[in-house]
Structure formats: C-alpha cells, structure tokens
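Structure first, commentary second.
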Amino acid sequence: MRVSTAFRLFAASFLLAGIALAGCQSRRGSEGVSTSGKSAALATMEQVAISAQKCWFASKDPAFAPYRMANELNSFSGRPRILLVPARSPESRPLLVVQAEGTPARVDVFGPMMDQAGGSRIAADVRRWAAGSGECHGAA
C-alpha cells in the first residue's frame, strides 16, 4: 500500500508539472507582438549601413578616408545605429551618429561631422538611403 501511495503522489506531481509547463507555452496567432522579424528601425538602418559602407568606404571616397564605421545594429535600446569614428583612434567619441527608432522608422543624424562642410551631403545621403535607395549620388 505504501508503494501505491508513493506512486500516486509521483503521478500527481508529474501531472501538475506538465500542466504548469503547458501554461508557459506562447500562444499562437496574431495577438501580441509580431514575430515577422526585423523592426522598421532595424530594417532601415541595415539599408543605411550597407549603403554607407558601399558609398563612403568601399568606394574609397576621400571625404571619409579619415574615418571608420562601427555598426551597432543589434541595439537593445530599440535604436539601431552606425557610428563614424576616427580611423586612427576607433575608441574615441563618435564624430557622427546615424540612428533610427519607431514604426515607421524615424532616422536621426547628429554629431560634429554634421557641422562641417560635408554635413549637408551626409544628410542627403542618409535621407536617400533611409527612403530605400542604395544610390551613391553624393560620392566623389
């Protein structure tokens, strides 16, 4: 009889554990957070980062030769961004920050480089890339 009682307790515990685990499963369907993948901000910044790499750096544009680009697209803050830092001092404070947030994505561009002669070109390039174009119109 003692084994029978122990077995019943074990079976009841096992059943309760199964019910508890079933309650932890996520629900299927359209309710809640979208699982479609990338946020609008991330998708926009990926486009901007690819275009910036191609148009500013891979093209050997002399205006960007003194800089290095650092991607911070996997941001837990919800603001994926790219940074331009001095090529010879990558640990320095960023001279340009391009970041996006929200849905639809709102792109912000700021930093000391925006106050220099190339600031309007940078703004135009980023605007164009954020709109979906990969063109390098402003490149030298």
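The values are calculated or read from the model by the stated rules, or taken from the named source; none is laboratory data. The structure displayed is predicted, hence computed values, not measured ones. Ideal geometry is used to build each Cβ from the backbone, glycine not excepted, and the neighbour counts take in all protein chains shown.
Figures for the structure shown
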{"quantity": "Residue check, L21 surrounded by fewer than 10 Cβ atoms within 10 Å (Cβ to Cβ) and either under 14 Å from the mean Cα position of the chain (by Cα) or modelled with pLDDT under 90 (or both)", "calculated": "yes"}
{"quantity": "Residue that is surrounded by the fewest Cβ atoms within 10 Å (Cβ to Cβ) [pool: residues in segment 107-128 that are touching a strand residue (DSSP E or B) at 6+ places or on another chain (Cβ under 9 Å) and in contact (Cβ under 8 Å) with a residue 24 or more places away in the chain]", "calculated": "G111"}
{"quantity": "Single residue of S120, S133 found to be among the hydroxyl-bearing types (S, T, Y) and either more than 20 Å from Y67 (Cβ to Cβ) or modelled with pLDDT under 95 (or both)", "calculated": "S133"}
{"quantity": "Segment 102-140, subset over 23 Å from the mean Cα position of the chain (by Cα) and of a type in the set (S, T, N, Q), residue farthest from P86 (Cα to Cα)", "calculated": "S120"}
